[in-house]
Every structure is written in structure tokens, then in C-alpha cells.
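See below for the structure under consideration.
Any read-out appearing in this document is the output of simple, stated calculations on the displayed coordinates, not a laboratory observation. What you see is a predicted model, and the numbers here were worked out from it, not measured in a lab. Positions of Cβ are generated from backbone atoms using ideal geometry, with glycine treated the same way; all protein chains shown enter the neighbour counts.
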Amino acid sequence: MEVGMRRQLEERESKIMLPNQSADEVSHLAVDIGGSLIKVVYSSSNNNNEADDKGKKSSNDCVGIPNGSSDYPVLCGRLHFAKFETSKINDCLEFISSKQLHRCGGWHQEASPHDKNIIKATGGGAYKFADLFKEKLGVSLDKVDEMDCLVAGSNFLLKTVHPEAFTYIDGREEYVQIDHNDLYPYLLVNIGSGVSMIKVDGDGKFDRVSGTSVGGGTFWGLGKLLTKCKSFDELLELSHKGNNRVIDMLVGDIYGGGDYPKIGLSSTAIASSFGKAISENKELEDYGREDISRSLLRMISNNIGQISYLNALRFGLKRIFFGGFFIRGHAYTMDTISVAVHFWSKGEAKAMFLRHEGFLGALGAFTSYKSHGLDNITTH
Amino acid sequence: MAGLTEDHPQIGIDDIIDGSEQKLNEDIVERESGGGAREMAPPAGNSIHRSGSRPQLDLSKAAIQGNFEERDPTILLPNQSDDISHLALDIGGSLIKLIYFSRHEDRSVKDRRKKFLEEKIGVSNGIRRSYPILGGRLHFVKFETAKINECLDFISSKQLHRGGMDAHDWNSDAPDNENAVIKATGGGAHKFADLFKERLGVSIEKEDEMNCLVAGANFLLKAIRHEAFTHMEGQKEFVQIDQNDLFPYLLVNIGSGVSMIKVDGDGKFQRVSGTNVGGGTYWGLGKLLTKCKSFDELLELSQRGDNRTIDMLVGDIYGGMDYSKIGLSASTIASSFGKAISENKNLEDYRPEDISLSLLRMISYNIGQISYLNALRFGLKRIFFGGFFIRGHAYTMDTISFAVHFWSKGDAQAMFLRHEGFLGALGAFMSYEKHGLDDLMVHHLVERFPMGAPYTGGKIHGPPLGDLNEKISWMAKFVQKGTEITGPVPMASPRTTGLGGFEVPSSKGATLRSDASNLNVGVLHLVPTLEVFPLLADPKIYEPNTIDLAEQGELQYWFTVLSEHLPDLVDKAVASEGGTDDAKRRGDAFARAFSAHLARLMEEPAAYGKLGLANLLELREECLREFQFIDAYRSIKQRENEASLAVLPDLLMELDGMNEETRLLTLIEGVLAANIFDWGSRACVELYHKGTIIEIYRMSRNKMQRPWRVDDFDVFKERMLGSGDEKPHPHKRALLFVDNSGADVVLGMLPLARELLRRGTEVVLVANSLPALNDVTAMELPDIVAEAAKHCDILRRAAEAGGLLVDAMINSQDVNKENSSSVPLMVVENGCGSPCIDLRQVSSELAAAAKDADLVILEGMGRALHTNFNAQFKCDALKLAMVKNQRLAEKLIKGYIYDCVCRYEPASS
């Protein structure tokens, strides 16, 4: 095991070639199998170039991990990130199989047989698809608690990667420098199919304080029913072009175009999402799919932003980080969440986002391999 | 309670006349002459002249308009300026909520008894009334906004926009004031302003929505006892809220969007939050997804849905397992609509029912969560949810409650309001400068459920029925199948008056009430003269009902008892009205109406608010009165009074031959024995066929074997007679709550009263204001006492001193002087028309009489067992009754039928 781990770390090397590092040696693999998406994180040596990623939904990223004051010979390598739709889990299995990623866990001959063929996995699907992994790839999934992974992943990113956190206001990303000594406590809002809100007090110290069932799954599920979109990205794409005023009932629609200043509502504030559909004699087909998608996105983002803020307020948390696949770097989503937090907090709180937002769980699972050495890595 | 139907205002207690004495009301005489003629002679103008303390209505030259048979006879006020309105509206996107006030002038009879009481015990309604509260009724009506013409017809037919003039007799030379104004709120107040101007010639004055909401909620929470309730897993539980501990609270109004308002007091509130995911989202998205045509249809669909087909549950993610580490069960929704992602299905492949339910759960749950977070933020204990989204829909309320419970870990509870749809309209009503509602207290209000209530279920407006005939025919058109009730939708007739003409609906009855749990909203009777009985030890914890009907078995039992008793009651009622065809028709309609009430309550026990046996028994009496059965037991009462009075002298002689101690025991035995004469008890009705009154009485008394099942006689005796040489001081004044006519009062309570008088205690006989079963009324008692007094000097002197003897009443002032040495025997009415009594709402004369009283004697099942068995008083209290019901005997005293209760509780000090 010890050796296996070291080997794994060695595989991270990208900038520094180790003499005993074989070039084609790949890495470790961890998966986060959510309700809608499977997120895969694996490490490879520098030889593994990005073009190898053939996953349909894959995205590539490189985290430069410089050598730190580790007891282990922490080396530079690459962490790869890939995504698959859970409903197309076979794509994912093929991807793993084609890259032989599942072999890497116990690749080294010195690894005990017990450690062979074990992949760290998190997300609800780690339970559900355990048999499938066994059958198709002959590997066992070692289930790592989802929350633990999320928090570990996010702590890792916030402490290690710079720049990682940013605010998104009026279409502008602005990276935020976070003092690690002043990181905790913070609220981590993970928007997957559902939404978990986690108060993080330190490494391994956290509490799921709230959540909502109105999350990414709702956006995509309802959106699919309403627009017949085939994919989440397509739905997101549509929302870009939409105008939510077509379907949403605005304050101005109720008050004859005027504001309701008494309670501080401007005429363009949404009074009721989808509320205009009530009074108009229109059917689903009469509305633009773009507009529907936009209204839906605003409804859900706004709601998440609001509930998150209320929870941050409740526990006196200064920072709210939003992560999870729903955000996906999508400007409009980030914008509505930011606006919601800004609105409800009267400007006192700011929503922050993580560059590696979708991979918190998978990263956390990855870091759960014993002695991976990532713990001690710092941003420098 | 007050039981003031407009059909016989003269015996009401709502005495707001401070003018001249009226001679005995002709109307009673007319009624008793038996004819169908109930035409009311317009009273002389000065007879309803009012004090200047109520500035809003000029009632000079007022006259009753229209046929007196009408349900809502109205009073023409030619000198009343027309800008006074009794109507307010909340015109929402889907429903119009209308509240109107109908004045209800009870020209109470100022007979000698009352006049005497005023002088003797200081009851004077005219003087006491320094606040401008009007007696009357608040009616709550809903219309669909899409059918606004129905609403306009309704207003027009009742002339509500003219301050409630009657349509038929509208005096054409009354000024048509173009400046009349109606207060309204809701989005439609702007939209339909022109329509109102055009159709009714009135202007709409728009009131701020949020102001109205808060004013309405504050009024309801303060003035209506069982307004708020919790709803968990289908169970409703009414919550009594201490008026002094109401604020601050969170009011969540779920309309198209959701507003969350922190309320700190009257007119003091702040919108602290809200969400755009509200009723409009449910309906809007639901419409797009299911093609439903109406909100109600969508709600209806959800009742048959299964959200698991479309929501992603925790179990779906975790392969059927819980995620117990973070406290999520497998059935928790992880992602609303999340399952639609992974399945290869289109919209058409999902059942609209399931979609509707998923949507409902998503939105309700979300609202509950955000509300709780806001309550937490401001440290608010209570969250009240209202607005059209809820609509009394059980599943919606359950989901919201669940969310609040879940997120607060049980610390917070969601509460709902029975009048939830009417907050805005009520608030608009209260925005009139002088609505008088501010001063109303909870004991001033009596809510009644008219005959249409079981059919309309509080959802659609009741029919504007013109007269009794229409009522009967409306009733007759209902079809009853078992306990399932279907009813016609009131439709506007081609004449477009909105009156009459009901057709059987094409849709099945179920769509009328998509949800049986919809609560009814009754008519609020404003009775400013009602007061809290001052001798209650703690009115806050007082609960009149001994038996809780929340338990299904208990309700079922009383349902059966009342149903079985119904044919007999109808026979009596019809006979009391001369057995005419008209009486038979009315009897039939009454039976249907009351059966429908019972069926409705079996279906939803909370439909009319918190249900106790007292409410059920009163409902029956009210229903009888609604069909103009004034006094079903009149002839029986008369016969029994006469028979009992005939044997009274013998009984008094027998008593006078006893020593003090034996006599006291015999008297209490007598009260208990005589209490067997009760037409409300089926077991006793059968006894009547077995002998004469005196025979039954003697047999009953002989059977009185002490110890009784509850027997505090020795303690009572010691209080009365003392022990050893110590002679206790007599009570100053005793209030005797009497029960039945005949032997019960004549052979039981009167001799006891006589004994108290003999000991120097003033006696006040407290009797019903309105008839209920064979209970003696305050109207009848003076005659009974007068008759008894013929044979007994003690009673005669006391009755004279108490102003009960007509011959001696030439001048009550003189009487007072002459008899100053005698302790008086008085009669007061209790303010009720029920066999039970709720001591939170009694007549002002009883309240006044109670001030000097130091002994309360409650007699009979209705007042001492069904209600008040556990009531605590500030003074000595004696509760006497024979239990004439096996189930009650078992339940209450672990005994048997005909067991006796003699419960004595010294003043709690």
C-alpha cells in the first residue's frame, strides 16, 4: 500500500521527471456518481496528454502541484477531470476501461491483492452501480462518504489552488484571494441534482445544515419535460437566448407597470415564476423554449441563492461557496445566484464560486486514498 | 348562544336600543296565533332611535323593508348618507372575496323584568355602550373572478353598495349617490374599477394589499377563538392563541408569489422576505405541464398523484437506502423532477397526476423552508400561512407543515387560518373609517353555519336565497347518497338577478369540493352585548366542552344519537306549528339540512372549527330556527309545567315538615330526581309513557340511594348548615342555571331556590334566551314563578322583590322600597339558545347579575356535564345532574345510566 501510494504520487509528476517513473504509468482514479452526472478524477503523469480524453462530456484541467513540505516525495503530475451522464454510465465504463484507469489502483506488483481493483467512489451511485463496476470492470467501489468528499475536495481546492474562488457580478469574474487562516467557517453549497448546504468548520469538521430538493435535477428534469431538450448543456444553452419576462409574472405586471416601493420591490422583480402562464391563454407550445429555460434557470438559481443566504445568516457565515454541476461555469446561473444573495443580504454577502465546481466530490474521493500527500500541499 | 335569527329579533339579547320601552312585541302574538302571516309591522321610527355614540348610521325613520320571512331582512335607512358602505372586496386573479355586513337590530323587548333588572343589578345596555359596535353579521362570500358578473349581480340584488338596502323594495326616490365608494384590495381592484362604476355606479377605492392582509389576520387571530390550526398528517388541531401574546408573528401569504411579513402589532409590520416560487408557479408550470384548465383541477389531480415516479428520492440515489448520516430517509426528495433526467421519457409519458403532485410538493416544501428560516432569523414563534395557494387543501398544508417541522427539528409549527382566503377582504372592510370591528372581542362573535354550509363547503358562494320557500326548495333539490353529498351549483337565472334558479350541475359533486378537508367559513354574528362570565376562575384555560369530539368513535356515537333522535324531533317541531302542510315541508327541509350538517361533520370534523358536543347540539337548535321552528317543544313544556305546578303545593308542604338537614338532602335529591324529565334524552322519553309526572318524580326520588356516583353533598351541607354550633353565613346571591321545563324546574329547582331565599340568599334563576329542546326559557320563567308564588309566601315576596310578579309591578321603584326587607328572586337570560352553555359568551345581564354572586348552581346534563363539568369558578359551585346516557356515565364518572352527580367545589381562593 505504502508503495502503491508513493507510486501514485510519483505519477503526478509533470514538471519534474523522476528517473524511476515510467512514462506511460497512469494513475489513480476516483469517481463521484451522482444522480445525473458521473465525475471522474484521475491523475496521470505528464505524458498523458489531454487529447486522450475522449469522454463526451470530458473537460480537462491541469492542477499544477508543486512540491511541498511533504513527507512523501510529492511530485508533479496531472489531475484529470471528466464527466459523464449517469444515464450513460456505459460511456463512463468504456472510458475507464479504454484508459485502463481501473487497473491503476493496485497496479504495482507490491500492492496487496486486497488493494487490487479498488476504486474510491462517492455519490449515491457508488452504491447503486457497485455491481455494475464489478461486473464490467472487475473492480470494487470503495464508497467514501459523499459529504466528507465534498468538504475535503473543497477544502483542498480553497487551500491549494489559486486562483480557485471567484465572485461573479454583472458578467465579470473576479478572483478572490482567501487567507487560509481565515477560511473557516464557511458555507459550502453543493448544487447537484439536489442541493446540500454544508457548514464547514475545518478539515473533516462540517455539518450539513440545510439543503433543498430544488436543484440541478429540477432544472434539467423540468426543463427536459418542458422543452424536450436532450441534454443539460443544450438546456443551459437555450437559456442564454431566452427572456424570462415572457412567462414570469413581474411586480410591474401586478402593479400596472409600477414598482411596489413600499416593500422595496422594483417593477422588474419576479413576483411569481411562471405566473404569467396562468392568465394567458397559451399552451406549452406557444412559449419559446428559450424563454422557458431562462425562467426555470432564474427560478432555481434565485431560490438556491436565497436559501443559502438565509442559512449563512443563521450561522453567521461570511462566505458562501457555490459548487456542483448545476453551475458549471454558466454565467447566467452564477449571475442569478449572485444577484439573489446580493438582494436578500442587501449587499452584505457575496456568492463565490469555485473553478473546479463540479468535481468537489470526486476530488474528495481522490484525496481519500490514504497518504496521497495532497493534504500538505499549499498554494505556493 | 345568542341565537339571533332575524326571524324573531324581539327575543334576542342583542339589545342595542336605549330608547323607550316597547310593549310586548306583536310579532310573538302573531306567531302564536299560528297563521302564516309573519308580516312585520314597521315599528315606529322612534322605537329604534339610537344614542349618538354610534355616529355612522342615521337610523331615524328607519323601517324594515320586505317580507319578514326573508333571511336577511334589511332596514331602510333613508337618512343614512350613501357613502357608508357595508361591503368590501378583495379582487384577486382567480377569486373575488366579498365581505358584507348585514345589520341586525334586535329590538329587544323591554319588559318589566328587564327594566327591573336594570335598576336592581345595573344592567343597562344603552349606558354601557360607549363604543360604536353594531350588532349584525359579517358574511363571507367567494366568486370566481372569471364570473365577475355573478358577483355584481349578488351585490346589486342585495343592494350592498347602497349600504344594504333591499332590492325588492328599494325606494326609487332615495338619492342615487354617484359618489358611493367601495373599499377593495387585490390586483383586480384597479382592473375592474370601471366595471363597478358602470354596473353599480360606485367607485372602487383601492386599499394597500399588505395593509389589508395584516389587518385581516390580526382581526381574525384576535377575534375568532378557533381561527388558527395546525395540520400534520391529515390531522387538524385548533390552537387557541392568547391575544396578549400574539405578536410578533410571521404571516406568509401565498398568492401568485409569496410574501413573508413580520407582524409586530396592529398596523405595524414589515415585509421581510418572500419568494417568487408560489401559487402562480404551481398553477403556471402546472398548466404548461398538464394542460389543466383551472387551479382547482390541478389541485384535484395532485390528490391522485404519486410523486415518486418523477422526483428523485434519496433512495433512488442510494439504491434504496437511507442516507442516515445526515438524517435523510430513503423517501426524502433529493431532487424535485430529478427522475425526469435519467429516464427516456417525454412529458406525455408522465401522468399529469404525478406531475401535479411533484410540483405541489416542491413548491410547498420550498415555501415552508424559506418561511421557517425567516421565522428563525427574527425569532418568531409562530408562522401563519394563508393565501389562495392553500385553499384548505390538506396535502398542501401537510407538506408545508412537514417542511417547517423538518427544518426546525420540531421546534416550529406551521399554522393555518380558517378564513385564509378572506384576509385581504377583511382588511379592506376594516379600512372604512368607522367599521367598529376594532373594539370587538372574541366573546362578541358567534359563528354560525347556515343550511347551505355542508353543500358549499366554504368554496363557492352560497345562494342568495330570498325567503324560506326558496330555502326549502333549494334544500329539496339536493341529492344525498349515504354520506356523500352532491349539490347544485347556484346559478344565475336568465333574469340575471342572481336569485333563485338552481340547476343540477353537469359536473359531479366532487368537483365542487376538490378536497373534503376544506373548512367552512360561517357567518360571523357580531353580538356586542355578550360578555365573559365574570365568575370563571380563569377564562383563558376554560374549555366548555367536557367531551372532545375529535375522537372518531365519540363523534360517530353522537352522530348516531342525534340522527336517531331526528324523526322524533321533526314530529314535535311540525306539531308545534300546527302540523300544517307548510310545517311539514319545513320539517322535511330541516331534517335534510341537519342531516347534511352531520354528514359534513362526519366527513371533516373540523369543518366548522373546533367541534364539541355543545356546538353540535346548538347547531341543531339553530337549524330548527333557520326553518322557523320557533319552539318545537312549546306544547309539551306547557303541559308539563301545568302538571308539575299542580303538585308543587303538596311537595312544599312535605318539605316544610322536615328539619333543616333532612330538607336540604331531600331538596338536592329532588333536583336530581326531577332532572329525569328531559326530552333530550331518549331513555327518558321512553319513561314518560310509564306514568304521570309526580309518579315518575317520586319513583325517581325514592331510588336516590346515597352515596351518589359523585357525592359531595356532605361538604355542601357543611357549607350551608355548618357543623356543631357554628352557623355559617348564608350566601349573598346564588345563580341557579336551570335546565328543563316541567318537573325539573318546578319540582326540583324552584324548591331549592325557595330554600335559599328562606336562608336570606338572593336567587337569580338563569335560563335560556331562546328555546332549546324542552329547556325553560327566561321568557317563560316569570309566569311559572308567578304561578308557583300563588301557593307560597316565600316565593311570592321574593318574586315581588325581584320584579317578577305582574300585579305588584305598578311601579318598580315603589316595589323596591316596599320589599327592601325581602331578598329578591330574579330571572335573567343567559344569552344562549342551546342546551349547553359556553360561559365565555353570556348575556350582559347575566354578567351583571354574577357580580355579587357567591354561589353558582349548574343543573342538568347540558350545562353541568356536557359542558362545564370541569369548569372552575371564583365562587362556590354546585353541579347537579342525573346522567341519562350510558356512554356518558361510563366516560365521565365510570358509572351507569341514571347515576347522579352532586359535585360541590368551594370557591377557589
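What order do you get for B:CYS832, B:CYS212, B:CYS792 when you list them from fewest to most C-beta neighbours inside 10 Å? Can you show the working numbers first?
Numbers: B:CYS832 34, B:CYS212 26, B:CYS792 20.
Fewest-to-most ranking of B:CYS832, B:CYS212, B:CYS792: B:CYS792, B:CYS212, B:CYS832.
Using Cβ contacts closer than 10 Å as the measure, can you line up B:LEU152, B:LEU250, B:LEU530 from fewest to most? Provide the component values of the computation, followed by the final result.
On the way: B:LEU152 21, B:LEU250 24, B:LEU530 27.
Ordered from fewest to most neighbouring Cβ atoms within 10 Å, B:LEU152, B:LEU250, B:LEU530 come out as B:LEU152, B:LEU250, B:LEU530.
Once the cut-off is 24 Å, how many percent of the Cα-Cα pairs in the stretch B:243-418 end up in the long-distance tail?
For the stretch B:243-418, the share of Cα pairs beyond 24 Å comes to 40 percent.
To the nearest whole number, what is the average tally of beta carbon atoms from other chains within 10 Å of the beta carbons of peptide B:269-276?
Mean shielding count: 5.
Over all residues in A:189-196, what is the mean tally of Cβ atoms on other chains that come within 10 Å of each residue's Cβ?
Values: counts 0, 0, 0, 4, 11, 12, 2, 3.
Mean partner-chain Cβ count within 10 Å for A:189-196: 4.
If amide hydrogens are placed 1.01 Å from N in the peptide plane, which non-local residues have theirs closer than 5 Å to the one on B:MET826?
Residues meeting the criterion, in which the H sits 1.01 Å from N, are B:VAL763, B:VAL764, B:LEU765.
If you consider only alpha-carbon coordinates, what radius of gyration and Dmax does the stretch B:561-605 have, in Å?
Answer for the stretch B:561-605, Rg first and Dmax second: 11.6, 37 Å.
If each residue's Cβ is checked for other Cβ atoms within 10 Å, how do A:HIS330, A:HIS240, B:HIS443 rank with the fewest at the top?
Lowest count first: A:HIS240, A:HIS330, B:HIS443.
Percent of alpha carbon pairs in the stretch B:527-604 separated by more than 18 Å?
Across the stretch B:527-604, Cα pairs with separations above 18 Å total 61 percent.
Which order do peptides A:167-180, B:534-547, B:284-297 fall in by mean Cβ count within 10 Å, highest first?
Final packing ranking: B:284-297, B:534-547, A:167-180.
Can you flag which of A:LYS346/B:LYS268; A:LYS39/A:LYS128; B:LYS540/B:LYS894; A:LYS39/A:LYS88 are past 20 Å Cα-Cα?
As for pairs spanning more than 20 Å Cα to Cα, those are A:LYS346/B:LYS268; B:LYS540/B:LYS894.
Sort B:839-849, B:421-431, B:702-712, B:638-648 by packing, meaning the average of other beta carbons within 10 Å per residue, with the highest value first.
Most protected by this proxy first, the peptides run B:421-431, B:839-849, B:638-648, B:702-712.
Quick one: grab Rg to one decimal and Dmax as a whole number for the stretch B:634-905, Cα atoms only, in Å.
Over the stretch B:634-905's Cα set, Rg and Dmax evaluate to 17.3, 53 Å.
Quote the charge dipole size of the stretch B:338-405 about the Cα centre in Debye, to the nearest 20; the model charges only the Cβ of Lys and Arg (+1) and of Asp and Glu (-1).
I would put it at about 460 debye.
Counting only other chains, what is the mean number of Cβ atoms within 10 angstrom of the Cβ of each residue in peptide B:373-383?
For this peptide, the per-residue mean of nearby foreign Cβ atoms is 2.
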